Amino acid sequence: MILLDEIRTLLRDARSVAVLTGAGVSAESGIATFRDDDGLWSRFKVEDLATPEAFARDPKFVWQWYDSRRVDIAKAKPNAGHFALAELERRVPNFTLITQNIDDLHDEAGSRNVLKVHGSIWTLRCTVCSHERRDRTAPLPDLPPKCDCGAYLRPGVVWFGELLPQDVWRQAEFAAVTADVFLVIGTSAVVFPAASLAGVARDAGAKVVEINIAETPISGRIDAFLKGRSAQLLPQLVA
Ligand code: OAD
């Protein structure tokens, strides 16, 4: 296992760094995670809210939930972990931030090369003509919102049972394969295919470092596990 100082050196010397973030990075901005004890999936059922079938059954119910999350996320601000990753990007020649988060807080913190593998809650996408628009109104005035073509708009996020946006996913795989250092931060590493990226990076020769408040299924198979809060440890890594 390698220590904080050694990870700092690895990051300083790296030509290419890729980072995978999950809900834990936004937890300290006040946004609920999914699988922690108080997480969203302990209170709500995935199959009622985050599948194409749920939306087909009851689009208003699904939208009410996403709209309430939009209201919560609209109040959130990036935290020290988000800012540290934006700072790291400015120092590394090739830097890719792959996020499962749909809150856009990495962009707000100043990160530029962000791959949103699960989409964005601020994008609305037509269920028929595929027209997309960005809309930060929260709450939305009428649910479900409608496209100019008359069909329902849906949240621009990936639901269970759906493919990830393929162009974004290919870029994420490329970043993992070409990384000298791969950071996995604040994710339970159980949702695939995003969870596979650490292994992809490791097999291709990257040093893989995980930051989390608790161990995950990948913790034993990587180069370093840093136990702690991302908003505390990331600024220390980048300092
Ligand atoms: P999870 O809720 O599954 O996992 C959050 C992880 O963050 C856990 O491993 C926590 O231990 C860790 N954590 C919590 N607070 C932390 C902190 N302050 N610092 C560091 N780590 C912390 O969230 P994700 O792994 O992001 O997908 O979930 C993956 C996907 O499952 C989401 O993108 C979403 C969800 O269902 C879709 O909706 C498609």
Check: Within straight cross-link reach of K207, meaning Cα distance under 19 Å, which aspartates and glutamates are found once same-chain residues fewer than 8 apart are removed?
Finding: D5, E6, D13, E89, E173, D180, E215, D223
Item checked: Reach of K116 by Cα under 19 Å, taken over lysines that are not fewer than 8 positions away in the same chain -> K77
Next item on the list: For helix 166-178, report the angle its Cα long axis makes with the longest principal axis of the Cα atoms of the chain; keep it between 0 and 90° and round to the nearest 10°.
Entry: 10
Margin query: Placing one identical point scatterer on every Cα of region 97-196 and ignoring solvent, what is log10 I(q)/I(0) from the Debye formula at q = 0.10, 0.18, 0.20 Å⁻¹?
Written below: -0.33, -0.94, -1.09
Note to self: For region 1-84, I need the span (max minus min coordinate) of the C-alpha atoms along each principal axis, in Å, sorted largest to smallest.
What the structure shows: 52, 26, 26
Notebook entry, point to check: Using the C-alpha gyration tensor of region 1-41, what are the square roots of 5 times its eigenvalues, in whole angstrom, with the largest one first?
Noted result: 30, 12, 9
Checklist line | Per DSSP, loop GluC sites (Glu not before Pro) in region 89-162 with at most 16 further Cβ within 10 Å | finding: E162
Notebook entry, point to check: Mind listing the phi-derived Karplus ³J(HN,Hα) values for region 56-65, rounded to whole Hz, using 6.51, -1.76 and 1.60 with θ = phi - 60°, and x for any glycine or proline?
Noted result: 5, 6, 8, x, 5, 4, 4, 5, 4, 5
Next item on the list: Would you please state the base-10 log of I(q)/I(0) at q = 0.13 1/Å for the chain, with intensities from the Debye formula using one equal scatterer on every alpha carbon?
Entry: -0.77
Item checked: Long-range amide H partners of E210 with built H, under 5 Å -> V184, A224, F225, L226
Check: About its Cα centre, how strong a charge dipole does the chain have in debye, to the nearest 20, once Lys and Arg get +1 and Asp and Glu get -1 at the Cβ?
Finding: 300
Next item on the list: Using only Cα atoms, find the angle between the long axis of helix 80-91 and the longest principal axis of the chain, and express it within 0 to 90 degrees, rounded to the nearest 10.
Entry: 60
Checklist line | More than 21 Å apart - percent of Cα-Cα pairs taken over region 154-239 | finding: 36
Next item on the list: Just check region 60-108 against the gyration tensor rule for me: Cα atoms, a ≥ b ≥ c as the square roots of the eigenvalues, rounded for a/c under 1.5, and otherwise prolate or oblate depending on whether a/b exceeds b/c.
Entry: prolate
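The numbers here are math on the coordinates, done by the rules we state, and not lab data. These numbers come from a predicted model, not from an experiment. Ideal geometry is used to build each Cβ from the backbone, glycine not excepted, and the neighbour counts take in all protein chains shown.
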